[in-house]
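The values are calculated or read from the model by the stated rules, or taken from the named source; none is laboratory data. Being a predicted model, the structure only gives us computed values, none of them experimental. Using ideal geometry, Cβ is built from the backbone for each residue, glycine included, and neighbour counts are taken over all protein chains shown.
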Amino acid sequence: MESFYDQTFENLDYAQDGFSNGEYESCVFKNCLFTEVNLSHRVFMDCEFEDCDFSGVKLGDTAFKDVRFIGCKLQGVDFSSCNPFLLEMNFEKCLMNLASFYQLKLKGTTFDHCSLEETDFVEADLSESKFLACNLTKAQFDNTNLEKADFRTATHFSINPQNNKVVKARFSREGLIGLLDQFDIRVD
């Protein structure tokens, strides 16, 4: 397994050229295509992905330790198959519709200005996470730990407080409708 440290990779098409099996530490990937690439068993530590496309990527046992995704297309990515050991990711301005975080422990994760439509957060630990100006249309929350999570600027979410842990979670007044819609209550 190769090791890559403190390197920048720009404008590469890994779907065509292949992606080396290895450990990547303190690396930056800019404008790279990972479309349909199998990233299983790779390790990314303290890395940053900027404006990359991960459409159809496979993440079997992939390790993301303190990794930042900025402006990336992560639509339909199944993060639930990642290596859970020291898993830490943050997302900014990412397209993440139909992604899955099923049963992952992501305490303190920041989702900043992301589109998370129909994303699966079922049974995940998102305590102390921040959803800053995120679109959560049809995102799935069931038996999800949302304690101390921040939804004050998030929109279009639907969270049933009876099926999720929401103690000390923060919501705006406008967001309260997303906590009541399961009860068929009309708020005028």
May I ask you to list the residues in the range 37-55 that are touching a Phe, Trp or Tyr at 6+ places or on another chain (Cβ under 9 Å), more than 21 Å from T109 (Cβ to Cβ) and surrounded by fewer than 18 Cβ atoms within 10 Å (Cβ to Cβ)?
N38, S55
Residue satisfying all of: in the range 154-188; of a type in the set (D, E) and in a loop (DSSP other than H, G, I, E, B); modelled with the highest pLDDT among these:
D184
Of all strands (runs of 3 or more DSSP E) completely enclosed by the range 1-104, which ones contain at least 2 residues that are out of contact with any Pro (no Cβ under 6 Å at 6 or more places or on another chain) and closer than 30 Å to E123 by Cα?
22-25, 43-45, 48-50, 63-65, 67-70, 89-92
Among the candidates F141, F151, residue that is closer than 24 Å to D61 by Cα, modelled with pLDDT of 95 or more and not assigned by TED's automatic domain parsing to the domain that holds L39
F141
Within the range 123-144, is even one residue in contact (Cβ under 8 Å) with a residue 40 or more places away in the chain and either within 19 Å of C82 (Cβ to Cβ) or among the acidic types (D, E) (or both)?
no
May I ask you to say which residue of T144, T119 is more than 13 Å from the chain's Cα centre (by Cα), within 29 Å of V43 (Cα to Cα) and surrounded by 16 or more Cβ atoms within 10 Å (Cβ to Cβ)?
T144
List the residue pairs whose Cβ atoms are under 9 Å apart, where the first residue sits in the range 15-32 and is under 19 Å from I70 (Cβ atoms), the second is β-branched (V, I, T) and not in a loop (DSSP other than H, G, I, E, B), and the two are 6 or more positions apart or on different chains.
Y24/V43; E25/V43; C27/T8; V28/T8; F29/T8; K30/T8
Please determine whether any residue of the range 99-106 is within 20 Å of L12 (Cα to Cα), buried (at least 19 other Cβ atoms within 10 Å of the Cβ) and touching a residue at least 12 places away in the same chain (Cβ under 8 Å).
no
Conditions (1) over 20 Å from L136 (Cα atoms); (2) crowded, with 16+ Cβ neighbours inside 10 Å; (3) among the hydrophobic types (A, V, I, L, M, F, W, C); number of the one not met by F85:
(2)
Among the candidates K107, K93, which residue alone is at positive phi and of a type outside the set (D, E)?
K93
Just for the range 1-36: of the residues that are modelled with pLDDT of 95 or more and of a type in the set (A, V, I, L, M), which one is surrounded by the most Cβ atoms within 10 Å (Cβ to Cβ)?
L33
